[in-house]
Amino acid sequence: MGVLLAACALAAVVFLLLIALYLILAGLPAIRKAGLGEFLLGTVWDSTNAEAPRFGILPMLLTSLWGAAGAVVLGVPVGFFTAVYLAKAAPRPLARVLRPAVSLLAGIPSVVYGLVGMCALVPALRAALDLPAGDSLLAAVIVLAVMILPSVIDLTTTALEAVPREYEEGSLALGATEAETWLRVSAPAARSGIAAAVVLGVGRALGEAMAILMVAGNVPNMPGLLRSVRFLTTGIAIEMNYASPGSLQRQALFSIGLVLFVFILLVNLLLNRTLKGRKGA
Amino acid sequence: MQKRFLPVLMLCLLLTGCGGREPPAGLQGTVSTDGSTSMADVMAVLQEAFREKCPGVTVNYSGTGSGAGVEAALSGACDIGLTSRELRPEEAAQGAAAHLIALDAVAVVVNPCRPLEDLSLERLAGIFTGRITTWDQLGCGEGPIAVYGREAGSGTRTAFEDLAGVADRCAYTNIYGSTGDVVGSVASNPNAIGYASLASAGEDVRTVKIGSVPCTEDTVRSGDYPLRRPFLMVTRRDARLGEAASAFLDFARSGEAAGYLSLAGAIAP
């Protein structure tokens, strides 16, 4: 039995290592040909230009960064307060209905979010803000924020519900109001769970491709809130079909994959360090 | 009368066997085709239809691009090369022979609310390169022009940009990953203009005439509509094509295949 468990654990780790290895091997040739500086800091992505193809991914890198940051700034506070409501303030029968409903939302496929975004959000943005086209970083940020809400709410609610009653009772006994108790006592006590929710949300926002492919516009411009933008993920998704095997374009797409992989690893490490590091303090 | 009947009958049967384009159902072999990604849909229907006629023959298709397809055909790496553009003079000089099997048209589409009927090629190029930026410069109402297109490497985009003379100079507002997305987005944005293959431009969008020529099967076939390109199968002029490949090529050029072409959104020549 122990051998079986060890084998399964080993298999999971091995798969991850193989993926990482494949990404490195497939992604390095283009980076070497284009030059690391030009690749990471170049501002023009023109992969199929017949004479002089350019592979600068800075616009996509910054777009992924701002897009994920925007989604977190929009989604985490809303998610947090919703979770506080569900865990603490809501009448129990209502909470019993709402919690499974929120969990169900987490299971909606991202392409559905993309469709709703494309059909409803984008035209609405275009009309409201008088733009040539509604596909923009703003539309992508809104869609991403809605997508990370269910997972953030779910994890945060669980973390808040796990806070021992004694903490809250003690706080209330000392004269704090309920709201003060939830925000000053329960939330800090549930800090590691909330941090996990944020990390999950950021991970989902950084890795999303399908939904934002339909609402972001996909032109590799430097990011602007109302401009058409391309993320690292959509950069790969949109050109992979037509990139001929063995061509420099295809190798460059794998290089984007490698950069995305490293990027997500670094962001996760950073978040875990800052958010969870203060656990014992 | 009766004495002549038998030889005449035998002659007729013989002639049927010689001149007929029906491949023997028992034919075996593999046909490798290589080239244009735009022809993927056409190849898919032809492969399936041919499999029903000759189950023993496997037709392979690999989408490596028109240029690579011609190279492969000339070097012998594949049996039949596929291109979605005319052969270049140097390719013909190296011994490439082209066989036209279908025509493809790129339609320019706008939102139905936009009162645009007709565009000259020159104005079309101006719109897509960003020289013309608002609809009132064209006299069709107000608003900025939102230029929609396909991703780099897409066959439709390459065809449109080459035919309109704007290759590598286009300034797109939005890029989409499929013709369906382009058409859907143009249908929901009054400011938008985009391009799509004729078969996909349906009722939700208005198809614009180019140089006063509407985009229909007839104008494409006659060559009046400028934004059209040929789908060619390329072979080596001096080398003998294998039996299975020959049969497939004949099938693709036959009237029977013409029926299948419309399924793939192409126009029979």
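Being more than 10 Å from chain A (Cβ to nearest Cβ), within 18 Å of B:LEU119 (Cα to Cα) and among the charged types (D, E, K, R): is that true of B:ASP204 here?
No.
Of the residues in segment B:144-170, how many are in contact with a helix residue (DSSP H, G or I) (Cβ under 8 Å, 6 or more places away or on another chain), hydroxyl-bearing (Ser, Thr, Tyr) and assigned to a helix (DSSP H, G or I)?
Selection size over segment B:144-170: 1.
Can you give me the ranges of the helices (runs of 4 or more DSSP H) entirely in segment A:167-278 with at least 1 residues that are over 28 Å from A:THR82 (Cβ atoms)?
In segment A:167-278, A:232-239, A:248-271 are the helices (runs of 4 or more DSSP H) which contain 1 or more residues that are over 28 Å from A:THR82 (Cβ atoms).
If you check A:LEU206 against the conditions, is it within 14 Å of another protein chain (Cβ to nearest Cβ), surrounded by 17 or more Cβ atoms within 10 Å (Cβ to Cβ) and under 25 Å from A:PRO109 (Cα atoms)?
Working: within 14 Å of another protein chain (Cβ to nearest Cβ): no; surrounded by 17 or more Cβ atoms within 10 Å (Cβ to Cβ): yes; under 25 Å from A:PRO109 (Cα atoms): yes.
The answer is no for A:LEU206.
Contact list please: Cβ distance under 8 Å, first residue in segment A:85-105 and under 20 Å from A:THR177 (Cα atoms) and touching a residue at least 12 places away in the same chain (Cβ under 8 Å), second residue of a type in the set (A, V, I, L, M, F, W, C) and not in a helix (DSSP H, G or I), pairs at least six apart or on different chains.
none
When the residues of segment B:130-144 are filtered to those that are more than 17 Å from A:SER228 (Cβ to Cβ) and of a type in the set (Val, Ile, Thr), which remaining residue is surrounded by the most Cβ atoms within 10 Å (Cβ to Cβ)?
B:ILE132
Okay, residues lined up against (1) away from chain A (no Cβ under 14 Å); (2) of a type in the set (Ser, Thr, Tyr); (3) more than 21 Å from B:SER197 (Cα to Cα):
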{"site": "B:VAL31", "(1), (2), (3)": "yes, no, yes"}
{"site": "B:ASP34", "(1), (2), (3)": "no, no, yes"}
{"site": "B:THR37", "(1), (2), (3)": "no, yes, no"}
{"site": "B:VAL42", "(1), (2), (3)": "yes, no, no"}
{"site": "B:GLN47", "(1), (2), (3)": "yes, no, yes"}
{"site": "B:GLY56", "(1), (2), (3)": "yes, no, yes"}
{"site": "B:VAL59", "(1), (2), (3)": "yes, no, yes"}
{"site": "B:GLY65", "(1), (2), (3)": "no, no, no"}
{"site": "B:ALA68", "(1), (2), (3)": "no, no, yes"}
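Condition check: under 23 Å from B:ALA40 (Cα atoms) and either more than 14 Å from every other protein chain (Cβ to nearest Cβ) or in contact with a Leu (Cβ under 8 Å, 6 or more places away or on another chain) (or both). Does B:SER212 satisfy that? Break it down into steps so the answer makes sense when it comes.
Values: under 23 Å from B:ALA40 (Cα atoms): no; either more than 14 Å from every other protein chain (Cβ to nearest Cβ) or in contact with a Leu (Cβ under 8 Å, 6 or more places away or on another chain) (or both): yes.
In short, no.
Among the residues of segment A:211-248, how many are farther than 19 Å from B:GLY149 by Cα and either surrounded by fewer than 19 Cβ atoms within 10 Å (Cβ to Cβ) or within 12 Å of chain B (Cβ to nearest Cβ) (or both)?
Looking only at that region, the number is 7.
For residues in segment B:99-141 being among the small types (Gly, Ala, Ser) and touching a Gly at 6+ places or on another chain (Cβ under 9 Å), which is farthest from B:GLY255 (Cα to Cα)?
B:ALA125
From the residues in segment B:145-170 that are surrounded by fewer than 16 Cβ atoms within 10 Å (Cβ to Cβ) and closer than 28 Å to A:ALA209 by Cα, which one is farthest from the other protein chains (Cβ to nearest Cβ)?
Ranking the qualifying residues of segment B:145-170, first place goes to B:ARG169.
Check segment A:198-218 and report whether any residue there is among the charged types (D, E, K, R) and in contact (Cβ under 8 Å) with a residue 40 or more places away in the chain.
Looking for residues that are among the charged types (D, E, K, R) and in contact (Cβ under 8 Å) with a residue 40 or more places away in the chain, one finds at least one in segment A:198-218, hence yes.
Within segment B:218-234, is even one residue assigned to a strand (DSSP E or B) and touching a Lys or Arg at 6+ places or on another chain (Cβ under 7 Å)?
Looking through segment B:218-234, at least one residue is assigned to a strand (DSSP E or B) and touching a Lys or Arg at 6+ places or on another chain (Cβ under 7 Å).
Just to verify a result, which residue in segment B:171-192, among those that are assigned to a loop (DSSP other than H, G, I, E, B) and of a type in the set (S, T, N, Q), is farthest from the other protein chains (Cβ to nearest Cβ)?
B:SER178
For the list (1) in contact (Cβ under 8 Å) with a residue 60 or more places away in the chain; (2) surrounded by fewer than 16 Cβ atoms within 10 Å (Cβ to Cβ); (3) away from every other protein chain (no Cβ under 14 Å), I need the number of the one condition that B:CYS113 fails.
(3)
Which of the residues belonging to segment B:171-221 are surrounded by fewer than 19 Cβ atoms within 10 Å (Cβ to Cβ), over 13 Å from B:ASN111 (Cα atoms) and more than 20 Å from the chain's Cα centre (by Cα)?
Correct list: B:ALA171, B:GLY211, B:SER212.
Looking at segment A:41-64 only, could you name the residues that are under 21 Å from the mean Cα position of the chain (by Cα) and either assigned to a loop (DSSP other than H, G, I, E, B) or away from every other protein chain (no Cβ under 14 Å) (or both)?
A:ILE57, A:LEU58, A:LEU61, A:LEU62, A:SER64, listed by residue number.
Throughout, read-outs are computed from the coordinates displayed, never taken from laboratory work. The shown structure was predicted, so the numbers you read here are calculated from the model rather than taken from an experiment. Don't worry about glycine lacking a Cβ; one is built from the backbone with ideal geometry, like all the others, and counts go over all protein chains shown.
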